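Each remark here refers to the structure printed beneath this line.
The values are calculated or read from the model by the stated rules, or taken from the named source; none is laboratory data. Source: prediction; values computed, not measured. We place every Cβ from the backbone using ideal geometry, glycine too, and count neighbours over all the protein chains shown. Please note that ligands, DNA and RNA were not included when accessible areas were found on the heavy atoms of the full protein model with its side chains. Shrake-Rupley method; radii C 1.70, N 1.55, O 1.52, S 1.80 Å.
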Amino acid sequence: MSVRVRFAPSPTGTLHVGSARTALFNWLFAKHEGGTFILRIEDTDQKRSNPVYLQDINESLAFLGISADEGPYFQSQRQAIYKDHVDRLIAAGKARLQDGGVVFPVPPQQVTFADLLHGDITVDTTLFESLVLLKSDGTPTYNFACVVDDALMKITHIIRGDDHIANTPKQILLYQAMGFSLPVFAHIPLIVGADRARLSKRQGATSVAEYRAAGYLGEAFFNYLALLGWSPGGNREFVPPAEIVQLFDLTKVKKAAAFFDQRKLDWLNSQYLKQLPVPTLADLLAQRLQAKGLLSQAVDRAWLERIAALLQDRLKVLEDIEEEHNFFFQEPLVYQEKAVEKFLRQDGMGPRLLELKERLSRLADFETAAIEQAVRGMVAEQHLEAKDLIHPARVAVTGRAVSPPLFEVMSILGKEKVISRLDYAATVLAKG
Ligand code: GLU
């Protein structure tokens with residue numbers, strides 16, 4: 001029997017990292033087994049469901065590079081099916097009308113199921129209250145709609161978060177009452193934050209959309225999520241998606257909660273960034289900067305690729321470019337006050353920067369090596385230490401105390417900008 005799994009999000013909020021990992025494990029299992037991955041939108045709660053969140057689900061899955069082989073099915077369009085199954089349960093004397101809705105009195109018994117990850121789980125249903133199947137407004141409850149759909153959609157394996165373990169015995173009773181055969185259940189561990197509590201807003205970003213907006217790469221995020229609770233062995237961390245599909249083994253998913261390690265994600269992302277062809281990275285940076293209005297549409301490709309090549313080993317996430325390397329695009333430049341104070345407010349700094357400006361303006365060829373030669377020539381002639389010219393020049397040209405190698409930065413910025421920034425720093429910011 002071929003594997004059929006489903007991801008069944010409710011479109012009531014932005015897709016949580018934990019839900020994305022559930023989707024990913026389902027998808028990985030399906031792909032590894034040559035099975036079918038089904039998307040089902042659990043939108044019976046019309047008040048809380050919102051098309052904006054449906055779009056967010058689609059965008060987040062697309063970001064991860066996973067797509068449904070079947071569906072999406074919408075529970076809101078399947079009311080007649082739920083009603084039909086309720087009628088049959090009533091006719092069989094297994095469910096009854098109550099307070100305008102329909103309930104299922106739970107037969108007292110032991111329910112045992114073999115969870116693929118947790119082993120046998122036994123629950124005594126004696127203390128269970130009746131299960132509501134249909135609410136008084138006619139909409140089905142989660143447990144009921146879920147069982148009807150999973151059975152009719154012929155789902156073979158239900159892979160979902162540990163937080164649903166308590167629902168499973170109730171769902172099993174409904175499978176039995178309706179004469180459906182049981183799927184395999186695998187409850188995967190929750191993702192926890194640094195405080196070991198379920199990952200929440202307090203620890204930072206929790207939705208896939210936030211990571212996407214920050215400029216994490218889909219492949220890096222995929223790699224990171226797949227290794228949250230599962231491991232390919234051999235202490236490997238960097239495992240490209242295609243290889244993960246080959247290696248993924250659902251039975252090896254760990255039972256313990258998975259710790260969301262932001263630093264590891266950042267490291268992985270930087271590894272993926274390093275592997276991109278420079279033109280691809282330039283494209284990603286251009287899209288990002290243009291969307292933020294920091295770069296015009298008519299951008300010089302060669303120029304942008306020089307920036308991409310320079311930053312490739314320095315970016316953790318794409319958004320670093322706006323925060324740490326905005327001096328390439330920003331006009332006027334924003335200066336770090338501390339850096340100005342420390343490196344430019346020194347006696348004689350104004351004349352020193354003007355001298356550098358003079359020397360650089362005489363260069364016919366504004367290439368990195370020529371700039372370096374001019375700077376080092378001035379250092380030697382004036383008996384300076386290199387740092388006493390390079391650090392102030394860096395602040396003048398980038399506004400920052402730390403930047404990528406200065407001569408290359410200057411060359412990329414171009415003569416005109418470098419000259420005007422040195423002039424401004426010398427006459428406005430520095431001490432005479
Ligand atoms: N809509 C449910 C949720 O988002 C689905 C749970 C399940 O996979 O059964 O939690």
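Listed values, structure above:
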| quantity | calculated |
| --- | --- |
| Between 0 and 90°, nearest 10: helix 386-398 axis offset from the chain longest Cα axis | 60 |
| Antiparallel bridges, percent of DSSP beta bridges restricted to the chain (to nearest 5) | 50 |
| Carbon/sulfur fraction of accessible area - segment 288-410, other protein chains in place, 1.4 Å, % | 50 |
| Extreme residue, positive dipole direction of the chain, given options LEU422, GLY18, GLN55 (C-beta unit charges) | GLY18 |
| Estimated dipole of segment 83-129 in Debye, rounded to 20 [Cβ of Lys and Arg +1, of Asp and Glu -1, Cα centre] | 260 |
| Mean Cβ count within 10 Å, highest first, over the residues of peptides 374-386, 34-46, 5-17 | 5-17, 34-46, 374-386 |
| Degrees between helix 79-91 axis and first principal axis of the chain (Cα, 0 to 90, nearest 10) | 30 |
| Top of ARG21, ARG301, ARG160 by mean-square fluctuation, Gaussian network on the chain, Cα under 10 Å | ARG301 |
| Segment 153-283: C-alpha gyration tensor shape, a/c 1.5 cut-off, then a/b vs b/c | prolate |
| Whole-number percent relative contact order across segment 346-432, with pairs defined as alpha carbons under 8 Å at least 6 apart | 51 |
| Gyration tensor (alpha-carbon) shape descriptor, segment 42-87, a/c threshold 1.5 | oblate |
| Rounded accessible area per residue of the chain, 1.4 Å, Å² | 46 |
| C-alpha long axis of helix 278-291 to longest principal axis of the chain, angle in ° | 80 |
| Tensor-based shape of segment 355-420 (alpha-carbon gyration tensor, a/c under 1.5 rounded, otherwise prolate or oblate) | oblate |
